[in-house]
Structure formats: structure tokens, C-alpha cells
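Peer 1: Please see the structure below; I have some questions.
The values are calculated or read from the model by the stated rules, or taken from the named source; none is laboratory data. Bear in mind the structure is a predicted one, so any value in this text is a computation, not a measurement. FYI the Cβ positions are ideal-geometry reconstructions off the backbone, even for glycines, and counts take in every protein chain you see. Note: accessible area is taken over every heavy atom of the protein model, side chains too, but ligands, DNA and RNA are not part of it. Shrake-Rupley method; radii C 1.70, N 1.55, O 1.52, S 1.80 Å.
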Amino acid sequence: MIQLLTALGDLYHYLNVELADPRTKDYYITSPILVLSILILYHYFVRNIGPKLMQNREAFNLKPVIFYYNILQILVCLYLFCKGSKLIFGWNRRFSWLCEPVEWEDTPYSQETIRLIWMYTTTKLVDLLDTVFFVLRKKNNKVSFLHLYHHTGMVLLTWSCIKWLPGGHDLFIGYINLFVHTFMYLYYTLALTDSRKYIWMKKYITQLQMIQFFLNILHSGIILFQPNCGYPKWTTIVMIPQNTFMLFLFFDFYRKEYLRKKPEESGNHHHVE
């Protein structure tokens, strides 16, 4: 037992310290204990504690809170998207679409990249509030497998980037996700004011999300055909199946919501990411 505990301790030290990028060690979000604790608490609340607490209570009216929350999301996504545009298209156009390795040197460019990825990862933790709002409003039917899987997966993936691969080829995935989320939260904000008037947008938001996953698959797969690319090819083992699965889940939702129903039947509002 002592040997097993020692081996586990060594493995934890190897993954958490030796393999980790030393430039991000002082960012609070790189602690695996903190992130896992947040996710465990998140799942326990939205699947257990929350529904039980709300069972015999009236649903909270959170429209004002959610309205300002959505506005904040739009502004943050726009800010990070603009900063990401400068990172990708600026700096003498140094970003390569075919193969972009991580810059391990401590340069102004790498520091800016790390800062933006850290902020992006923080937004994915804040996104967990979407589900909390559902529970407090007694809309538990919207807490679907797709919703929980996507929120949890995005936290783990972005945390992994800031921990081990802060930058590089898959920076594009976060960049395009910011573009999609800007329009997604814009739709949520408008739907709060008049859901029937803006319900037509939901179909196109879902299409935009599916395009996002398809582009992610293509972009991640490019490095498989780049023999001298410095970006690790093992990332495709994670990114391609993950985005393929998400594309399948979203298409399945789209098929059920829009392809099988008559237009007047597809007005049921779902909060998907």
C-alpha cells in the first residue's frame, strides 16, 4: 500500500509539476485539485442538491441577473476575440494555420498568449453558471447530457491547455469558439426580451456551432500531414474524437428539433452550447 501511494504521489508530481509549463504555475487555475473540486461541486449541485432544494419552492425570477450576465459574456467574448485576432493576425502574421508550435520561450508573444488562454479558461468556469440558473429557475429538463458534457469537457480541455500546452496550433479552437459564443449570448439576451420574436435565430446558432466543430476537426487534423510540425500530434487523439462527438450530439439535437418537426413545433427553447 505504501508503495502504491508513493507511486501515485510520484505520478501526481510528474504530471502536475515536471510536465507542467513553469510559466503558468502561479495562475490559480492551474491547480488540479481546485478545478476538480469545482467540477465535482458543480455536478453535485445541478444534479442533486439544487433540484432537491428547489423541489418545494417557487422558481427564482432571474431575468435581470441573467440579462446582465449575458451582456458581460458578450463583452468578455468580444474582448478576447479581438485580442485573439491580434495574436493570430498581428505580430507580423507569425501564426501559421498549417502548423503552429507552442512558443516555450518567455517572450512578450508567449506571455500574451498565456494571459489570454488563462482568461478564456476562466470564462469556461463562469459558463457553469448557465446550468445553475436552469436549476434555480426549475428548468431541469434543459440540464441535458449534451449540456453537462459540453460544459465539463470545455473546462477540462481549456485547463489542460493552460497547464501543459499554453498556445500553439489549437489556439484556433478557442478563437472560433469566442466568435460563436458572442452570437450565442447575443441570442440569449434578445430571447430574454421576446423569445417568440427571436426564436428564428436559434436554428442558425445551432448551425454555427456545428460548423465550429467541423472546422475544429479539420484544423486539428492538419498537423497529421505536417511531418516537421513541432506541435504534438497526440493532441489529435483528444481533439478530433471530442469534436466529432460534439458534432454528432449537436446534429442529433438539430435533427430532432428542426428536421423531424414542423416549423411551428420547433419553437421549444433549449439552452445549448
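Peer 1: Please flag any cysteine in the chain that has no other cysteine's Cβ under 4.7 angstrom from its own Cβ.
Peer 2: Within the chain, the cysteines lacking a partner Cβ under 4.7 Å are C77, C82, C161.
Peer 1: Hey, another quick one. Take each of the peptides 173-184, 32-43, 242-253, average the number of other beta-carbon atoms within 10 Å over its residues, and list them starting from the highest.
Peer 2: Listed from highest to lowest mean packing, they are 173-184, 242-253, 32-43.
Peer 1: Next question, about the same structure. Identify the GluC sites (Glu not before Pro) of the stretch 64-140 meeting these criteria: DSSP loop state and at most 15 other C-beta atoms within 10 Å of the C-beta.
Peer 2: Details: sites: E103, E105, E112; in loops: E103, E105.
Sparse-neighbourhood loop GluC sites (Glu not before Pro): E105.
Peer 1: Continuing with the same structure: Could you work out the relative contact order of the chain, using alpha carbon pairs under 8 angstrom and six or more residues apart, expressed as a whole percent? Walk me through the numbers on the way to the answer.
Peer 2: Details: 232 pairs, mean separation 68.9, N = 273.
Relative contact order, the chain: 25 percent.
Peer 1: Just subtract the alpha-carbon distance of Q3 and S160 from 0.36 nm times their residue separation and send over the number in nm, one decimal. Mind showing how you got there, number by number?
Peer 2: Values: separation 157, 0.36 × 157 = 56.52 nm, distance 2.80 nm.
My answer for the length gained is 53.7 nm.
Peer 1: Also, I was wondering about something else. Taking a point 7 angstrom from the Cα of K25 along the C-beta vector, which residues in the stretch 156-191 have backbone N less than 15 Å away?
Peer 2: 163-164
Peer 1: Something else: I'd like the orientation of helix 63-89 relative to the chain: the angle between its Cα long axis and the longest Cα principal axis, in ° from 0 to 90, rounded to 10.
Peer 2: Approximately 30 degrees, to the nearest 10.
Peer 1: Distance between the C-alpha centers of the stretch 59-97 and the stretch 1-38? Whole Å please.
Peer 2: The stretch 59-97 and the stretch 1-38 have Cα centres spaced 30 Å from each other.
Peer 1: What number, rounded to the nearest 500 deg cm²/dmol, is the helix-based mean residue ellipticity at 222 nm of the chain, given -39500 (n - 2.57) per DSSP H run of at least four residues and division by all its residues?
Peer 2: Working: 11 runs with 174 residues, N = 273.
Rounded to the nearest 500, it is -21000 deg cm²/dmol.
Peer 1: Take the residue pairs K124/K233; K63/K197; K139/K203; K86/K124; K203/K233; K86/K139 and return only those whose Cα atoms are more than 29 Å apart.
Peer 2: Pairs exceeding 29 Å: K203/K233; K86/K139.
Peer 1: Over the chain, give the accessible area per residue in Å² for a 1.4 Å probe, as an integer.
Peer 2: Roughly 55 Å² per residue, with all protein chains present.
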